[in-house]
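The structure under discussion appears below in the form of structure tokens.
The numbers here are math on the coordinates, done by the rules we state, and not lab data. Just so you know, these numbers come straight off a predicted model, no measurement behind them. When we count neighbours, we look across all protein chains shown, and the Cβ atoms used for this are built from the backbone with ideal geometry, even at glycine.
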Amino acid sequence: MRAFRAFDTLRGPDPRAWLLSIVRNCSLSALAERRQRGHEPLTEEHEMEPASAAAAPPPDPESASIERDERRTLVRLIAALPQEQREVLLLRELEDMSYREIAAVAEVPIGTVMSRLARARAALKALWPEAQGEPRAVR
């Protein structure tokens, strides 16, 4: 509804960045409201499965359990990232946006997008073995 009401403010050649800016601002507003109320809804199991999983043959129970645990771990680790890093990581990896598009949505310079993305990836890489209970190599 916000996009429809603000359609006359659309400027520039990229409506996707404009629309995602609106989505981002709505999401940040909703997050702030949830924090004030102290309520965080739990993610339903079916919301975490990719749409393509329905077409594939079902994996064996052990593989399915391992995959589900890894998915939960990844969701938990991404949620633990600082909001700025989480935002650019999700826009890049899930939305497949370019750095320029992410910079427009997040309203930051491209260099900032690149550094936030690098920090987010490094944090996930460092935390993944610990989250899986694997010993870390000594460097």
- Would you mind computing, in nm to one decimal, how far apart the modelled labels at residue 19 and residue 75 are, each placed 7 Å from Cα along Cα→Cβ? 2.5 nm
- Item | Exposure proxy order (Cβ contacts within 10 Å, fewest to most) of 18, 128 | 128, 18
- Item | Inter-site label distance for residue 28 and residue 67 at 7 Å from Cα along Cβ, in nm | 3.6 nm
- Message: To make sure I understand, if each residue's beta carbon is the centre and we count other beta carbons within 10 Å, what order do 124, 20 fall in, fewest to most?
- Response: 124, 20
- Using the per-residue mean of other Cβ atoms lying within 10 Å as a proxy for protection, in what order, highest first, do the peptides 83-91, 96-104 fall? 83-91, 96-104
- Task: Place the peptides 71-82, 23-34 in order of packing, highest mean first, counting for every residue the other Cβ atoms within 10 Å and averaging per peptide.
- Result: 71-82, 23-34
- Task: Just grab the label-to-label distance for residue 36 and residue 95, each label 7 Å out from Cα along the Cβ direction, in nm (one decimal).
- Result: 2.4 nm
- Message: Please list 3J(HN,Hα) in residue order for segment 70-86, calculated via the Karplus relation 6.51 cos²θ - 1.76 cosθ + 1.60 where θ = phi - 60°; whole Hz, with x for glycine and proline.
- Response: 5, 5, 4, 4, 4, 4, 5, 5, 5, 5, 7, 5, x, 3, 5, 6, 4
